Amino acid sequence: MPRWTAQEKEAYRTEIFQRLNTIMPLVMSQYSSIDWAEELKGYRTDHEYYPDYIHAPIHGVTDAYTNPQNCLGWDCGIDVILQKSHNVSCQQMRERMAELIPLDAQINTVLELGAGTASGALALARRFPQATFSITDISPYMLVISKYKFSKAGLVNRATFEQVDASDTGYPDNSFDLVTASLLFHEMPKEWTLKTLQEMYRITKPGGWVLYTDTYRGEYALNVSFPEPWLSDFVQFNFEYEFAKAGFTEIDYIRHSVGLWYIVGRKGLDGMPLS
Ligand SMILES: C[S@@+](CC[C@H](N)C(=O)[O-])C[C@H]1O[C@@H](n2cnc3c(N)ncnc32)[C@H](O)[C@@H]1O
């Protein structure tokens, strides 16, 4: 993969923001019926609640996920970036991820951590129509948008929307058949990633599944075009090794398209490998 020049990176950023500026008025009108004051009741919105790293200028935007506008911009931003950088739409990426869990897996309870606007959970909800979903994020604004999207899809009765820190969820041990997250670890300092992996293992049921996707590895990391404050932690992280160290087994690392990768794994029975 050729390394981009500074000018190419700047042109890429400009194009993304131009596309975003075009799409945003439409997005704002789609979500204009949300009564934010009502929907935010019961969630914490004070800045002290968030871990310090959330306030770093992720993508050059300070306090990235701590207001409605930035969170409403997420879906179209990520769709534009995925199409431009990875040759997939957001929906294709979520569907391909969901397909990594076999249809005959016993998936009745799913937890998504750092769910953002829950596009990943929506794809899983369609693939596993019997499953119930715990949609979680530290940002209450993301949870409000997720709930709105689940309502629009007629799936809201199958989900809860909880403000949860991925590294310390408070769920009992062995709670979920599938624990999933996406695009989370490249935005966290590595100590948080390590704690979150341990937490994912703890709350996955024996025999259950873990599913993760992210970007910015290997050569692709050279073409990062947006400020990503925790990128150096992320690119040094050996994810296959760290998922295994957290306890997961049967780990499959799948490279997909340009710079996009998935990890799928299992929690063994009584700490033992499944096969
Ligand atoms: C880059 S967005 C990804 C959103 C979503 N997973 C997706 O794939 O579209 C990162 C998300 O992680 C959330 N987040 C960051 N740190 C978190 C933490 N410690 N616990 C829970 N959520 C967190 C942010 O609020 C944001 O919604």
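Here the contact order of the chain, divided by its residue count and restricted to Cα pairs under 8 Å and six or more residues apart, works out to 18 percent.
Between residue 174 and residue 23, the modelled labels are 4.3 nm apart [label points 7 Å from Cα along Cα→Cβ].
Given +1 at the Cβ of Lys and Arg, -1 at the Cβ of Asp and Glu and no other charges, the dipole of the chain around its Cα centre is 660 debye to the nearest 20. The trypsin sites (Lys or Arg not before Pro) of region 1-85 meeting both criteria, a DSSP state outside H, G, I, E and B (loop) and at most 14 other C-beta atoms within 10 angstrom of the site's C-beta, are 3, 41, 44.
For residue 205, the lysines whose Cα comes closer than 24 Å to its Cα, not counting residues fewer than 8 places off in the same chain, are 195, 245, 267. Taking the charge dipole of the chain about its Cα centre, with +1 at Lys and Arg Cβ atoms and -1 at Asp and Glu Cβ atoms, the residue from 167, 194, 11 reaching farthest to the positive side is 11. Under the simplified labelling scheme, the residue 37-residue 8 pair shows an inter-label distance of 5.1 nm, with each label point 7 Å from Cα along Cα→Cβ. Find how many whole Å separate the alpha carbon centroid of region 90-119 from the alpha carbon centroid of region 152-210. Between the Cα centres of region 152-210 and region 90-119 lies a distance of 12 Å. Given axes a ≥ b ≥ c from the Cα gyration tensor, I'd like to know whether region 1-116 is rounded (a/c under 1.5), prolate (a/b larger than b/c) or oblate. The shape class here is oblate. The lysines whose alpha-carbon is closer than 25 Å to the alpha-carbon of residue 41, local same-chain residues fewer than 8 away aside, are 147, 149, 152. Here each label is just a point 7 Å from Cα along the line to Cβ, and for residue 153 and residue 44 those points are 2.8 nm apart. Charge dipole (Cα centre; +1 on Lys/Arg Cβ, -1 on Asp/Glu Cβ; no other charges) of region 121-265 amounts to roughly 640 debye. The heavy atoms of residue 148 present about 50 square angstrom of accessible area, all protein chains included, probe 1.4 Å. Which of rounded, prolate, oblate describes region 6-266, given a ≥ b ≥ c as roots of the alpha-carbon gyration tensor eigenvalues and a/c under 1.5 marking rounded, otherwise prolate only if a/b is larger than b/c? Since a/c stays below 1.5, the shape of region 6-266 is classed as rounded. Region 214-241 and region 11-34 have Cα centres lying 26 Å from one another.
The values are calculated or read from the model by the stated rules, or taken from the named source; none is laboratory data. Only a predicted model underlies this, so the values are computations on that prediction, with no experimental measurement involved. Using ideal geometry, Cβ is built from the backbone for each residue, glycine included, and neighbour counts are taken over all protein chains shown. Accessible surface areas use protein heavy atoms only, side chains included; no ligands, DNA or RNA. Shrake-Rupley method; radii C 1.70, N 1.55, O 1.52, S 1.80 Å.
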